[in-house]
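Report on the structure given below.
The values are calculated or read from the model by the stated rules, or taken from the named source; none is laboratory data. This is a predicted model, so every value here is computed, not measured. When we count neighbours, we look across all protein chains shown, and the Cβ atoms used for this are built from the backbone with ideal geometry, even at glycine. In case anyone asks, the SASA skips ligands and DNA or RNA and just uses the protein heavy atoms, side chains included. Shrake-Rupley method; radii C 1.70, N 1.55, O 1.52, S 1.80 Å.
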Amino acid sequence: MNSSKSPYYSLVEHIKKTAKPKDLKIWDENSLLDCFKSNDITGLVINGKGGIGKSRLMLELGLEALNRGWVVLKVKGSLKNDAIEKLVEKLTPTTPALLLFDYIETQSSFSDLIENLNVLIEQGITRLCYIATCRTSYYYKTLNAISKHQSVELTPPPGTDELEWYAKYRSSIAGWILAKAGIVVTEKHIAVCHDLPVLAVLLAYLYTSGRANDLKELLTEVDFGRWVAKRVQLTFPNNDVSHELALLIALFPMSTTTASTLPTDLYRPAFDRLATDGWIELSGTNVVTNIKEWVTAHDVLADQILATYLKSIPHTAETFVIELLSVAADHGCLESAIISLQRIADIPPLKVMPWAKIIANEMKTKESQWREVRHLLTRTSLLAVPDMIALLHNYKNVWIDDDQYISFQNTLGWFARWLVNCGDENIPEIYKQTIISYILKVVPFVEASNFVITWGLRLAPTVLQDSALHWISTRPISFQTHYVMVAWLESGLPTQTVAIYIQQWCNKHTKAFHLSFVAKAWLDAGGDKVLIEPTINSWLAVYGSEASARFIFKSWLRAGGDKVLIGSAINDWLFLHRADAEAHYVYCSWLEAGGEKALVESAIKDWLTVHKAEGEANYVYNSWLNAGGDKALVESAIKDWLNVHKAEEEASYVYSSWLDARGDKSLVESAIKDWLIVHKADATADFIYKSWLNAGGDKSLVESAIKDWLTVHKADAKADFIYKSWLDAGGELDIVWDSLLVWLKAHKTDEATGYAIKYLAKIKDLPTPVLQDILEWCRKYPTNDDVLWRLTQLGINLFNTEVAEDVILTLEKVLESLFITNNIENIKHSQIMTLLSYLIDYPRKKLPEKLNDKIKDKTDQLFVKWLRHPESFGNNYKPHYNIQRASYVQKVGTLIYYGILDINKDYDALKRFMQWFDLWDIKQKHRAKHNIKSLIERYPSSDLWNIVKNIE
């Protein structure tokens, strides 16, 4: 049953004969090995269901690598990190080497080992790569997150064209194997194989070993598992042993010690029959226990027997599983039982099995036995990650004293990464706290790998901050320290705390490819650009032409870095990568940083030839147009893009950029109409409304949509852009009136609200609550440039006696803030006088006496303060006709009469007032002549009154 001894029908050969469809991604042996030419790939993980040829493909790839001059080693048993390091010491850094891992479900520390191997490769210490095999379910639940590997799916997802292609390929393999064995292949032979090459090997074995009768029986049975069960049953003519056989077959691999203790009534005879027929065989010594083991001829054969029995007891399958785990625990075969079950966990009786409940209950009764397989409990595909964490929480004694083991440390790191990647959605806090508490226990023992610190820091930055800083500060130039550094920076922790260590690491690893990750994280976190500028320069000299250099370009530019430093490098990079899909990051960053458009213009033109209709092209359109680029460069491309994406949410940015750049409205008008049908109430639709209206677009296109948008977002802070654009475009106030009032109530304390108040202040007879909100805003921002405008625009609204006290408080705060300044502009002079005139002419008779007196006193105080201001009144400019009010002259006379103003002490102030009065129109002067005459009569000796001419 050793697949390496069977004839091999290669992918290369099958593709030559059948010609794979051009649109399918089908690997052959050569292209798979060529994957290792990429710096981003250090391993291949061949996955698929059992018996389809994963192991054989791995071996054939190993042979091909050997032919190419590689050092190739097949791993037996469990390989440790120290063994990897010893192997690396024997290889030169330039020697290509390959490790073959078959069935990594049995390698409990495989993920940790590979992460360590990746670190060694990234440091340039070795060119040691790997190829591994596993079942599909195990891959997606346990290994998918391993970095820098290529998944090779031999059983692609259902419904894909690739799945059908591989099924036909496997059927061809089966026919090939049978034919090579001398069998005249029929449809029955192919049907028995079920597209599983390993079953073809079995049929060939039966035929070549002279067991033609057995082969004939198998062809009539079709179900292999049932056929084996029947053969074993012959040993027990009076008893049905299908139950015991299913229990027994799941316990392999089994040590010879365990085999010798099997009950002699049923298990032992069944064991002997399996051995006699060749379904189990004595294998080598287990590297951990140093004891020989009995193993099945192939795990698929065991799977068939177990699956066949389970399908026959669908209603009691759970009871069987519980019994199996109990028997396995008693005989020290829990690991074998768990692996056997997870291989067939996708068949109907097991697919809905409550694994978490079953395993938890079994652990309660036999905790010590389960401790022996604790490494498997945190990696098995039978359990979801939350279930594994629950076991850690509820059965702490199972993992007691594991703190110092790197495999357990890295397992906690995997859980932390899972929690981080899941975010907070539907993840109970207890899971997070459980993993954090475990991480804190293992951190003092972390030496070889900082994986757990890196992801613990991302999970709980403030909790792991001290531990992370200890690692960084004690190993500042260690290559793997950069993982912790990047996590620190991306977690938002202080950059200055690690600045000196970042600088040391960068100086040490100037020519390391991974410097780009540190530099990017440092820049994105707001770190000082000067700190890493020299190393970026050196790094670009080595890796500036790499596709991934785009990350450095993007981060440097977005951090405000000097464009001169990378301009030349970008120019060289574009020579190689101008048409790469990801080049849009470079174009956008350069343009958004204010870079010369000429540097990227030609490249963008070429890029659009290939990618103009792709979703990400919208970023290029936005950046180019926002940078003032020639619209003609993107106009045709945008048209093509809209044909595909016009109704997508992100299309709003293209519409806005095009309109804001004063592009032809007709290009987007129809598309916008379609977009609004779907997105009119989306929060981001405000960009469309603003840009369309500001571009002079037809208001009717967006009027109804704006109404719907305001129904949802009327109180949003950014809704003010909608109100502004609509009203600036001459839209009817009634359309937005109610929403605008709601918005004002919500944002009356925001300084930016002043612009919206502009439109309200002009309205006569404002509702009292609205007027109060406006006055409150003016009091909060008395020095805002718009305050005087808004107050003067309120006009007679200020005479609303319901807000009389608010009015006087507001004017007092605003005017007094002005009176303490100098160099007051002429326009503000007029505004001050307008506001004072409202106070002087205020209809106080309608107010209660106490409030009346208060307003009168405040008016007098403010008027006097302004009069005494050295820049008040004077003959610098003629006041507006509406400000030429006799009430001013009357007010001066009254204040002199009551001694508030003194002709001598306030001579300069009164002189400026009379000079200002002298500039009035004759008609307006005549209206105040009685007031002047009164002053002359009372104070005839003063020459102040002679300043005014043409008073008669």
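Looking only at the range 524-536, count every residue that is open to solvent by less than 10 Å² (accessible area, probe 1.4 Å) and hydrophobic (A, V, I, L, M, F, W, C) and tell me the total.
So the answer is 2.
For the range 704-737, give me each residue that is farther than 19 Å from A761 by Cα, open to solvent by less than 60 Å² (accessible area, probe 1.4 Å) and over 30 Å from the mean Cα position of the chain (by Cα).
A705, I706, D708
Name the pairs: first residue in the range 667-683 and open to solvent by 10 Å² or more (accessible area, probe 1.4 Å), second residue of a type in the set (V, I, T), Cβ to Cβ under 6 Å, at least 6 apart or on different chains?
From the range 667-683, the pairs are A681/V712.
It is to be established whether one or more residues within the range 470-484 are buried (at least 16 other Cβ atoms within 10 Å of the Cβ), hydrophobic (A, V, I, L, M, F, W, C) and in contact (Cβ under 8 Å) with a residue 60 or more places away in the chain.
Among the residues of the range 470-484, at least one is buried (at least 16 other Cβ atoms within 10 Å of the Cβ), hydrophobic (A, V, I, L, M, F, W, C) and in contact (Cβ under 8 Å) with a residue 60 or more places away in the chain, which makes the answer yes.
Could you identify the single residue in E64, E89, E85 that is free of Cβ contacts under 8 Å to residues at least 12 places away in the same chain and not in a loop (DSSP other than H, G, I, E, B)? If you could, list the steps in order and put the result at the bottom.
Numbers: E64 fails: free of Cβ contacts under 8 Å to residues at least 12 places away in the same chain; E85 fails: free of Cβ contacts under 8 Å to residues at least 12 places away in the same chain.
Residue meeting the stated conditions: E89.
Could you tell me which numbered condition I177 fails, if it satisfies all but one of (1) at negative phi; (2) surrounded by 16 or more Cβ atoms within 10 Å (Cβ to Cβ); (3) not assigned by the TED database to the domain that holds Q107?
(3)
Suppose we filter the range 388-397 for residues that are more than 32 Å from the chain's Cα centre (by Cα) and under 20 Å from P444 (Cα atoms); how many remain?
2
Select from the range 935-952 the residues that are open to solvent by less than 40 Å² (accessible area, probe 1.4 Å) and farther than 19 Å from Y907 by Cβ and list them in ascending order.
I951
Is it the case, given these coordinates, that I430 is assigned to a helix (DSSP H, G or I) and open to solvent by 40 Å² or more (accessible area, probe 1.4 Å)?
On the way: assigned to a helix (DSSP H, G or I): yes; open to solvent by 40 Å² or more (accessible area, probe 1.4 Å): yes.
So I430 passes the test.
Just to be sure before I move on: is N823 assigned by the TED database to the domain that holds L775, open to solvent by 30 Å² or more (accessible area, probe 1.4 Å) and on the phi > 0 side of the Ramachandran plot in the structure I sent?
Numbers: assigned by the TED database to the domain that holds L775: yes; open to solvent by 30 Å² or more (accessible area, probe 1.4 Å): yes; on the phi > 0 side of the Ramachandran plot: yes.
The answer is yes for N823.
Can you name the residue in the range 653-702 that is farther than 17 Å from F721 by Cβ and among the hydroxyl-bearing types (S, T, Y) and is also farthest from the chain's Cα centre (by Cα) among such residues?
S700
With the condition kept exactly as written, say whether any residue in the range 546-561 is under 25 Å from the mean Cα position of the chain (by Cα), open to solvent by 10 Å² or more (accessible area, probe 1.4 Å) and aromatic (F, W, Y).
Yes, the range 546-561 has at least one match.
Every residue, every condition in (1) under 32 Å from the mean Cα position of the chain (by Cα); (2) open to solvent by 40 Å² or more (accessible area, probe 1.4 Å); (3) in the same structural domain as R56 (by the TED database), yes or no:
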| site | (1), (2), (3) |
| --- | --- |
| P96 | no, no, yes |
| F101 | no, no, yes |
| L117 | yes, no, yes |
| G124 | yes, yes, yes |
| S151 | yes, no, yes |
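Which number in (1) open to solvent by 20 Å² or more (accessible area, probe 1.4 Å); (2) more than 30 Å from D214 (Cβ to Cβ); (3) assigned to a helix (DSSP H, G or I) marks the one condition that K188 misses?
Unmet for K188, out of (1) open to solvent by 20 Å² or more (accessible area, probe 1.4 Å); (2) more than 30 Å from D214 (Cβ to Cβ); (3) assigned to a helix (DSSP H, G or I): (2).
Quickly run through the range 870-885 and pick out the residues that are part of a helix (DSSP H, G or I) and either exposed (fewer than 14 other Cβ atoms within 10 Å of the Cβ) or at pLDDT 90 or above (or both). First the steps, then the outcome.
Residues of the range 870-885 that are part of a helix (DSSP H, G or I), as a first pass: 881-883.
Listed by number, the residues that qualify are Y881, N882.
Table: residues versus (1) assigned to a helix (DSSP H, G or I); (2) within 25 Å of N537 (Cβ to Cβ); (3) among the small types (G, A, S).
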{"residue": "D466", "(1), (2), (3)": "yes, no, no"}
{"residue": "S473", "(1), (2), (3)": "yes, no, yes"}
{"residue": "P476", "(1), (2), (3)": "no, yes, no"}
{"residue": "F479", "(1), (2), (3)": "no, yes, no"}
{"residue": "H482", "(1), (2), (3)": "yes, yes, no"}
{"residue": "A487", "(1), (2), (3)": "yes, no, yes"}
{"residue": "Q503", "(1), (2), (3)": "yes, yes, no"}
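In the range 116-161, what residues are in contact with a helix residue (DSSP H, G or I) (Cβ under 9 Å, 6 or more places away or on another chain), part of a loop (DSSP other than H, G, I, E, B) and under 18 Å from K86 (Cβ atoms)?
I125, T126
Each row is one residue, and each column tells you yes or no for (1) of a type in the set (G, A, S); (2) within 30 Å of G594 (Cα to Cα).
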{"residue": "V463", "(1), (2)": "no, no"}
{"residue": "T474", "(1), (2)": "no, no"}
{"residue": "Y483", "(1), (2)": "no, no"}
{"residue": "E490", "(1), (2)": "no, yes"}
{"residue": "I502", "(1), (2)": "no, yes"}
{"residue": "G526", "(1), (2)": "yes, yes"}
{"residue": "K529", "(1), (2)": "no, yes"}
{"residue": "N537", "(1), (2)": "no, yes"}
{"residue": "D562", "(1), (2)": "no, yes"}
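I need a count of the residues in the range 17-58 that are without any contact (Cβ under 8 Å) to a residue 60 or more places away in the chain and buried (at least 20 other Cβ atoms within 10 Å of the Cβ).
Summing the residues that are without any contact (Cβ under 8 Å) to a residue 60 or more places away in the chain and buried (at least 20 other Cβ atoms within 10 Å of the Cβ) in the range 17-58 gives 1.
With A275, A307, A337 as the choices, which residue is of a type outside the set (F, W, Y), open to solvent by less than 20 Å² (accessible area, probe 1.4 Å), over 40 Å from the mean Cα position of the chain (by Cα) and within 28 Å of T235 (Cα to Cα)? It would help to see each step written out before you state the result.
On the way: A275 fails: open to solvent by less than 20 Å² (accessible area, probe 1.4 Å); A337 fails: over 40 Å from the mean Cα position of the chain (by Cα).
When all the criteria are applied, what remains is A307.
Can you pull out every residue in the range 753-784 that is in contact with an Asp or Glu (Cβ under 6 Å, 6 or more places away or on another chain) and not in a helix (DSSP H, G or I)?
The answer is Y781, and nothing else.
Would you confirm whether or not the range 316-330 contains a residue that is modelled with pLDDT under 95, under 29 Å from S55 (Cβ atoms) and small (G, A, S)?
No - not one qualifying residue is present in the range 316-330.
Can you say whether D265 is open to solvent by 40 Å² or more (accessible area, probe 1.4 Å), modelled with pLDDT under 90 and out of contact with any Asp or Glu (no Cβ under 8 Å at 6 or more places or on another chain), as far as the supplied structure shows? Spell out the reasoning first.
Numbers: open to solvent by 40 Å² or more (accessible area, probe 1.4 Å): yes; modelled with pLDDT under 90: yes; out of contact with any Asp or Glu (no Cβ under 8 Å at 6 or more places or on another chain): yes.
For D265, the condition - open to solvent by 40 Å² or more (accessible area, probe 1.4 Å), modelled with pLDDT under 90 and out of contact with any Asp or Glu (no Cβ under 8 Å at 6 or more places or on another chain) - is met.
For Q924, state whether it is assigned to a helix (DSSP H, G or I), in contact (Cβ under 8 Å) with a residue 24 or more places away in the chain and within 17 Å of L867 (Cα to Cα). Show your work before the answer.
Numbers: assigned to a helix (DSSP H, G or I): yes; in contact (Cβ under 8 Å) with a residue 24 or more places away in the chain: yes; within 17 Å of L867 (Cα to Cα): no.
When the stated conditions are applied, Q924 does not pass them.
Okay, residues lined up against (1) in the same structural domain as I347 (by the TED database); (2) out of contact with any helix residue (DSSP H, G or I) (no Cβ under 8 Å at 6 or more places or on another chain); (3) of a type in the set (S, T, Y):
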| site | (1), (2), (3) |
| --- | --- |
| T380 | no, no, yes |
| P386 | no, no, no |
| K396 | no, yes, no |
| I427 | no, no, no |
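Give me the residue from the range 738-757 that is of a type outside the set (G, A, S) and open to solvent by less than 50 Å² (accessible area, probe 1.4 Å) and, out of that set, farthest from L693 (Cα to Cα). Lay out the reasoning, then the answer.
Applying the first criterion (of a type outside the set (G, A, S)) to the range 738-757 yields 738, 740-745, 747-751, 753, 755, 757.
Next, only the ones that are open to solvent by less than 50 Å² (accessible area, probe 1.4 Å) stay: 740-741, 743-744, 747-748, 753, 757.
Numbers: L740: 17, L741: 21, W743: 20, L744: 22, H747: 23, K748: 25, T753: 20, I757: 20 Å.
The qualifying residue farthest from L693 (Cα to Cα) is K748.
Within the range 900-908, identify whether any single residue is surrounded by fewer than 16 Cβ atoms within 10 Å (Cβ to Cβ), aromatic (F, W, Y) and either without any contact (Cβ under 8 Å) to a residue 60 or more places away in the chain or outside the structural domain of V814 (by the TED database) (or both), and answer yes or no.
Yes; the residues of the range 900-908 include at least one that is surrounded by fewer than 16 Cβ atoms within 10 Å (Cβ to Cβ), aromatic (F, W, Y) and either without any contact (Cβ under 8 Å) to a residue 60 or more places away in the chain or outside the structural domain of V814 (by the TED database) (or both).
Determine if the range 509-521 includes at least one residue that is open to solvent by 70 Å² or more (accessible area, probe 1.4 Å), within 22 Å of V564 (Cα to Cα) and modelled with pLDDT of 95 or more. First the steps, then the outcome.
Restricting attention to the range 509-521, the residues satisfying the condition of being open to solvent by 70 Å² or more (accessible area, probe 1.4 Å) are 511, 517.
Next, from what is left, pick out any that are within 22 Å of V564 (Cα to Cα): 511, 517.
Still in the running and modelled with pLDDT of 95 or more: none.
No - not one qualifying residue is present in the range 509-521.
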